[in-house]
Amino acid sequence: MKLDVARAIADAVLMEGYVLYPYRASAPKNRFRWTFGVLAPRAWSEAGGCESWWLEAQVLVAGAPTRIAAQLRFVHIERRRLEALDGTPLARLDCGDLVLEPWDEGIDRTVDVEITTEPSDASFCFPGALTVEERETGRVVRQRHPLEGVVTTRWEELDAPRPLARLTIRVENTTPWPELDASRGSAIAGAFASTHLLLGVEGGQLLSAIDPPPWASQAAARCKNVRTYPVLAGPPGTGDVALLAPFILYDHPMLAPESAGDLCDATEIDELLMLRTRTLTDDEKRQARATDARAAQIIERAEMLPAADLARMHGNTRDVVDGEMVPRRPKVGDKVRLRTSTRRTDAQDFLYAGHIATVAALREDVDGTTHVAVTIDDDPAAELHDWYGRYHYYRLDEVDVL
């Protein structure tokens, strides 16, 4: 199962909003957290809690798949509190090299689910834990609440011009929670945070919920998705992996290739965040490193980032074409990576997908569409083809400028 092709974007979804610049636990923006994909304990939610306890997605699957698998991913919250040696709660704990503050750390959780055409209920649980770390000036107490949940799946064959089925996936948080009047800040310890799913098929095809083929448009319109937004993942033109995210994305989302690593804010400009992080004072950086290991990694990455990598983030723009962000049009001499065409079925389109090519010319056809004329760098006859003007032609959205 090729779920790994969507791992980078899924990790960005998992970490979205985990900790925000300036990456200090004391920053006001980092005091109200877990804003995406929260599934709270059912009892607390039904007693009037402000977060729901379930999500449900419906996805169309075409063809006759031989295997379907899903992967539920979320953050298990580990609460860090500080105490004096006599047990008195502390707001800060000076450990010499670090000054710690109370904080909710996150542990990545994954639940693998094999899906069949028969209805199924897959229960799962993650145990709680309590650890105490003794320091000279006090104690660091970390506590995780045990979590329980269930993933329910249903498969329905649909009446359509081609083989088509609707897959329903429902995720529920069934964690026992006796404190029904608890605040959100307390009940969040029993929640799944940043909840999302990866879905993969073999031998079939997942259809876009945003832009389905005409023959499946009516079936797509009848799909209901609650607190999740399914999009196709992986390279453009593929349909074997979907990402069911807790916020709106477009099909085949990608991370900017210039990005040097996750900054827990995928909607922000990496260069801006890197520059601002590098200008933090030594004391501010010390506080950020004390937030947790993820925040410390961001600080270290900003400090150690080579100048060349920082320069790559500057001045790189992308244009909007038909409502989508695409690379700026290439110039003659540019290097491009070729994509698989979604408009043609020529075997050469698959043969050359992913290859590096050199732009020889830009040509327009009779309807004004611009085509990129290229020679394949790995082709031993590339120089000969260029000499007598025999090129491969791609549209602008079928190449990525390097």
Criterion first (under 30 Å from the mean Cα position of the chain (by Cα), surrounded by 11 or more Cβ atoms within 10 Å (Cβ to Cβ) and at pLDDT 90 or above) does residue 381 satisfy it?
no
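In contact with an Asp or Glu (Cβ under 6 Å, 6 or more places away or on another chain), buried (at least 17 other Cβ atoms within 10 Å of the Cβ), among the hydrophobic types (A, V, I, L, M, F, W, C) and more than 24 Å from residue 4 (Cα to Cα): is that true of residue 165 in this structure?
So residue 165 fits the description; yes.
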Test residue 212 against the criterion of being part of a loop (DSSP other than H, G, I, E, B), closer than 22 Å to residue 339 by Cβ and not β-branched (Val, Ile, Thr), and give yes or no.
yes
So residue 114 fits all but one of (1) closer than 30 Å to residue 242 by Cβ; (2) more than 28 Å from the chain's Cα centre (by Cα); (3) of a type in the set (D, E, K, R); what number is the exception?
(2)
Would you confirm, using the coordinates I've provided, whether residue 226 is among the β-branched types (Val, Ile, Thr) and touching a Ser or Thr at 6+ places or on another chain (Cβ under 8 Å)?
no
Residue count for region 260-273, restricted to those that are buried (at least 17 other Cβ atoms within 10 Å of the Cβ) and part of a loop (DSSP other than H, G, I, E, B)
6
Name the residue that is farthest from residue 252 (Cα to Cα), counting only residues in region 1-58 that are polar (S, T, N, Q) and in contact with a strand residue (DSSP E or B) (Cβ under 7 Å, 6 or more places away or on another chain).
52
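Residue by residue, here is whether (1) among the basic types (Lys, Arg); (2) in contact with a strand residue (DSSP E or B) (Cβ under 6 Å, 6 or more places away or on another chain); (3) assigned to a strand (DSSP E or B) holds:
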| position | (1), (2), (3) |
| --- | --- |
| 230 | no, yes, yes |
| 242 | no, yes, yes |
| 249 | no, yes, no |
| 258 | no, no, no |
| 275 | no, no, no |
Can you work out which of the residues in region 147-162 that are in contact (Cβ under 8 Å) with a residue 40 or more places away in the chain and under 17 Å from residue 109 (Cα atoms) is surrounded by the most Cβ atoms within 10 Å (Cβ to Cβ)?
149
Restricting to region 168-178, give me the number of residues that are in contact with a Phe, Trp or Tyr (Cβ under 7 Å, 6 or more places away or on another chain) and either more than 15 Å from residue 59 (Cα to Cα) or surrounded by 20 or more Cβ atoms within 10 Å (Cβ to Cβ) (or both).
4
For region 201-218, does any single residue satisfy the condition of being touching a Phe, Trp or Tyr at 6+ places or on another chain (Cβ under 6 Å) and in the same structural domain as residue 119 (by TED's automatic domain parsing)?
no
If you scan region 33-84, which residues turn out to be surrounded by fewer than 21 Cβ atoms within 10 Å (Cβ to Cβ), over 26 Å from the mean Cα position of the chain (by Cα) and among the aromatic types (Phe, Trp, Tyr)?
none
Checking the structure you have, find out if any residue of region 260-267 is closer than 21 Å to residue 62 by Cβ, under 11 Å from the mean Cα position of the chain (by Cα) and small (Gly, Ala, Ser).
no
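The values are calculated or read from the model by the stated rules, or taken from the named source; none is laboratory data. These numbers were taken from a predicted model, which means no experiment stands behind them. Counting neighbours? That spans all protein chains shown, and the Cβs are built from the backbone with ideal geometry, glycine included.
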